[in-house]
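Where a number appears in this text, it was derived from the coordinates with a stated rule and is not lab data. Quick caveat, the model's predicted, so the values are computed rather than measured.
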Amino acid sequence: MANKKTDDQPFEKTLWLTADKMRKNIDASEYKHVVLGLIFLKYISDS
């Protein structure tokens, strides 16, 4: 992990900031459904 490309960091930072914004507006019990849905969509798209 120490050899990351520099152009990946802005994307990761943007992704993290977006997740922080979502967590402020959604209760933790509801947030898990959002995350599990995104993981499921990623799994389906990789198949």
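Tabulated results
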quantity: Gain on full stretching of the segment that runs from Asp46 to Glu30 - 0.36 nm per residue minus C-alpha separation; calculated: 3.2 nm
quantity: Table column - 3J(HN,Hα) (Hz), segment 30-46, Karplus curve with 6.51, -1.76, 1.60, x for Gly and Pro; calculated: 8, 5, 4, 5, 5, 5, 5, x, 5, 5, 4, 4, 5, 4, 5, 5, 7
